[in-house]
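> This is the structure, below, for whatever I ask next.
Readers should treat all values here as calculations from the given coordinates under stated rules, not as data from a laboratory. In this text, all values refer to a predicted model and were calculated from it rather than measured experimentally. Note that each Cβ is placed from the backbone with ideal geometry, even for glycine, and that neighbours are counted across all protein chains shown.
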């Protein structure tokens, strides 16, 4: 059904973990107050992405107010970079920036990934479509949607496969944009009618207009890599971090036995050829807030950025709290052997 990306398809991983992530801190729902909403405290804030601008961390997190449908919004939290190591001690104010308002995301906006392309800030998130709770329509239950910051966040496109393939798509998640020398790409993870999960990269049109929300058909979808036999599925976690001539991406894998989320990393070249993969997981749930929450044993990175000799990652823990960690760049490159 799909072609494959260039690169070494023989790279293998083992079902073991050497955890190299130093935990920095967490933001819990009790320490978050929502602006302009009469329900001041969310029941959960998690799966955050972030961008550092002018010594300020802009955090965009999936935010849930109640458990009936678990419908989400995306809220913004701003933190001074100097306060990164004090996250757990602070009180935080959040403002809802992106919320459900159309047939592609009416049941929730989830799991944002933010990137900056050509001076524009873009968030791609998972939209729960009108089909999400309809048991008679098992097609396109979720789709990736991109919003641009232009006097507020404006939704500009929903990404869909070509018409002849849409009836085979159960869901499309874990998406973000990335600009390469070969054009604009959409990284995403498909769940198809054969009940398999496909980690893929697709081509996009060159320009996305800042007007009304419109459909954008992806092209040349190619498989990046396959899960290992011990994994139920793998998915993209963070947009690429550039280190020298390499692009480092973090991914998550879900093990078949316990359904635990774990993290590994890959290196890609400028043409998105797969260069290297960590031969084992580099992070797994170990703290109590990662082991126990609305979704036990879940760590779900959505943001990464290099600062000096370390990579800061943001992730959801237990589907309940926002968490941050850091990775030593040299240690990671040594494991990747690049």
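> Residue 210 versus residue 116, label points 7 Å from Cα toward the beta carbon: distance in nm?
1.6
> Further question: If you take the Cα Rg of the range 73-119 and divide it by 2.2 N^0.38 Å, with N the number of residues, what do you get?
1.50
> Oh, and also: Please arrange 246, 252 by counting, for each residue, the other beta carbons lying within 10 Å of its beta carbon, fewest first.
Working: 246 18, 252 25.
Least crowded to most crowded, the residues run 246, 252.
> Separate question: Just rank 28, 124, 36, fewest to most, by other beta-carbon atoms within 10 angstrom.
Fewest-to-most ranking of 28, 124, 36: 36, 28, 124.
> Residue 226 versus residue 337, label points 7 Å from Cα toward the beta carbon: distance in nm?
Taking the simple label geometry, residue 226 and residue 337 are separated by 2.1 nm.
> OK, next. If each residue's Cβ is checked for other Cβ atoms within 10 Å, how do 189, 256 rank with the fewest at the top?
Ascending Cβ contact count within 10 Å gives the list 256, 189.
> Give the calculated FRET efficiency between residue 271 and residue 78 to the nearest 0.05, with a Förster radius of 45 Å applied to their Cβ-Cβ distance.
0.80
> In the calculated pair distance distribution of the chain, what percentage of Cα-Cα distances lie above 27 Å?
Here the long-distance tail beyond 27 Å is 40 percent of all Cα pairs in the chain.
> Then there is this: Which percent of Cα pairs goes in each bin when the distances of the range 145-289 are cut into 10 angstrom slices starting at zero?
In whole percents, the pair-distance histogram is 10, 37, 34, 17, 2.
> Hey, another quick one. What is the spread of the Cα atoms of the range 29-87 along each of their three principal axes, largest first, in whole Å?
For the range 29-87, the Cα extents along the three principal axes come out at 38, 20, 17 Å.
> In addition: With the crude spin-label approximation of a point 7 Å out along Cα→Cβ, what separation in nm comes out for residue 138 versus residue 328?
Placing both labels 7 Å beyond Cα along the Cβ direction yields 4.9 nm.
> A further question on this structure: If you restrict to DSSP beta bridges whose two residues both lie in the chain, what percentage is antiparallel, to the nearest 5?
Numbers: 101 of 112 bridges.
For the chain, the DSSP antiparallel bridge percentage is about 90.
> Right, something else. Say a paramagnetic label sat at a point 7 Å from the Cα of residue 294, along Cα to Cβ; which residues of the range 79-109 have their backbone N under 12 Å from it?
Within reach of a label on residue 294: 108-109.
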